Amino acid sequence: WKLFAKTDKLYSKKYEEETNLRCHFLLDVSSSMEYPKDPKAVNKLEFSIFSIACLFQILKKQRDAFGLTTFSDAIHLHTKAKSSMSHEKFLYNELEKVANTAEEKKTSSVIEAIHEIAENIHKRSLVVIFSDMLGDLSLQESDELFLALQHLKHRKHEVIMFHVSDKQTELDFEFEDRPYEFIDLETGASIKLKSNEVRAHYITKLNQYLVDLKVKCGQYGIDFISANIKESYDQVLRQYLIKRNKVAK
């Protein structure tokens, strides 16, 4: 009515929501994510950081809100989802800090991180997890992980889990048939052995764990995506856009 009085023209006021989506990123910054320890190659943590930075740009253009949680054996950072320019700069700064700060023997606790963010996010959101999921591979640990994921779904959140790995060495165990010393980046424990002596058993046990994880994620409606750090970032961006399109509908 005020505009009509000033301009003598009728206007229809429409409300447009500032953000279409709230997206929360969970980034595993445990020591195992620093593999491979090769200054000439991108490790799992760097791959995850670059992927998240790319997704920030997409979210920004779509005027979506986004937040970040970093964790290892504890929650290091947890922010609300916002769409402001200052918030975006703050998150980029935090990602840069993570990239430039090596964690000294930090174990992963993705279960506690998922439970905490499920409790702290009160509005329906898209939760995107970047982790190598290399915690305790025991049956008890797997059951607790599934309960944590179910907690997210119970709170009505949509979830994408990017399982970040160096497929050649971590999944396919492609090492030369000679003695190696394998060192656990999270605990410092080491073992000397010949790769060909354990390859078959290692692949079998790991595949059992991953298949079980994929099946449970499927049951809960969680998108489980294998992200190989030796491939392009298209694999992450493509899967996010597919999920984003489903959520928008």
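Using alpha carbons only, how many angstrom separate the centre of segment 92-132 from the centre of segment 177-225?
22
Assign one of three labels to segment 151-190, namely rounded, prolate or oblate, based on the Cα gyration tensor with a ≥ b ≥ c the square roots of its eigenvalues; rounded applies when a/c is under 1.5, prolate when it is not and a/b is larger than b/c, and oblate otherwise.
Values: a/c = 6.06, a/b = 2.30, b/c = 2.64.
Oblate is the answer for segment 151-190, as a/c is 1.5 or above yet b/c matches or exceeds a/b.
Which percent of the accessible area of the chain is formed by carbon and sulfur heavy atoms (probe 1.4 angstrom)?
52
Considering the options 5, 226, 188, tell which one lies farthest towards the positive end of the dipole of the chain, charges being +1 on Lys and Arg and -1 on Asp and Glu at the Cβ, about the Cα centre.
5
Which trypsin sites (Lys or Arg not before Pro) does segment 1-101 hold that lie in a coil by DSSP with at most 15 other beta carbons within 10 Å?
9, 13, 14, 37, 40, 63, 80
How big is the chain on each of its three principal axes, counting only the C-alpha atoms and giving the largest first in Å?
In descending order, the Cα extents are 86, 38, 30 Å.
With every protein chain in place, what's the accessible area of residue 30 (1.4 Å probe, Å², nearest 10)?
0
In square angstrom, rounded to the nearest 10, how much accessible surface does residue 50 have for a 1.4 Å probe?
So the heavy atoms of residue 50 present about 100 Å² to solvent.
Which pairs, out of 61/156; 153/205; 216/246; 80/167, put more than 31 Å between their alpha-carbon atoms?
Over 31 Å apart, Cα to Cα: 80/167.
To the nearest 20 debye, what charge dipole does the chain have about its Cα centre, counting +1 at the Cβ of each Lys and Arg and -1 at the Cβ of each Asp and Glu? Working shown, then result.
Numbers: 37 positive and 38 negative charges, 387 e Å.
That gives a dipole near 1860 debye.
Output the DSSP H helices from the chain with an along-axis C-alpha extent of no less than 24 Å and a mean Kyte-Doolittle hydropathy no less than 0.0.
Within the chain the helices that satisfy the rule are 44-61.
Which percent, nearest 5, of DSSP beta bridges in the chain are antiparallel? Show your work: numbers first, answer last.
Values: 9 of 33 bridges.
Bridges in the chain are about 25 percent antiparallel.
Given the options 39, 29, 93, identify the residue whose Cα lies farthest towards the positive end of the charge dipole of the chain (+1 on Cβ of Lys, Arg; -1 on Cβ of Asp, Glu).
The residue sitting most towards the positive pole is 93.
Apply the a/c threshold of 1.5 to the C-alpha gyration tensor of segment 88-221 and tell me whether it is rounded, prolate or oblate.
In terms of gyration-tensor shape, oblate.
How much accessible area per residue does segment 51-171 have, counting only protein heavy atoms and a probe of 1.4 Å, in square angstrom?
Numbers: 5640 Å² over 121 residues.
With the other protein chains kept in place, segment 51-171 gives 47 Å² per residue.
Divide by every residue of the chain the summed helix terms, -39500 (n - 2.57) for each DSSP H run of at least 4, and state the resulting mean residue ellipticity at 222 nm, rounded to the nearest 500 deg cm²/dmol. Numbers along the way, then the final one.
On the way: 7 runs with 107 residues, N = 249.
Rounded to the nearest 500, the figure is -14000 deg cm²/dmol.
Under 8 Å for C-alpha pairs, at least 6 residues apart: give me the relative contact order for the chain, rounded to a whole percent.
Details: 371 pairs, mean separation 50.3, N = 249.
In percent, rounded to a whole number, it is 20.
The values are calculated or read from the model by the stated rules, or taken from the named source; none is laboratory data. Since the model is a prediction, treat every value here as computed from it, not as a measurement. Virtual Cβ from ideal backbone geometry, glycine too; neighbours counted across all protein chains shown. Quick note on the areas: whole protein, heavy atoms, side chains included, nothing else; ligands and nucleic acids left out. Shrake-Rupley method; radii C 1.70, N 1.55, O 1.52, S 1.80 Å.
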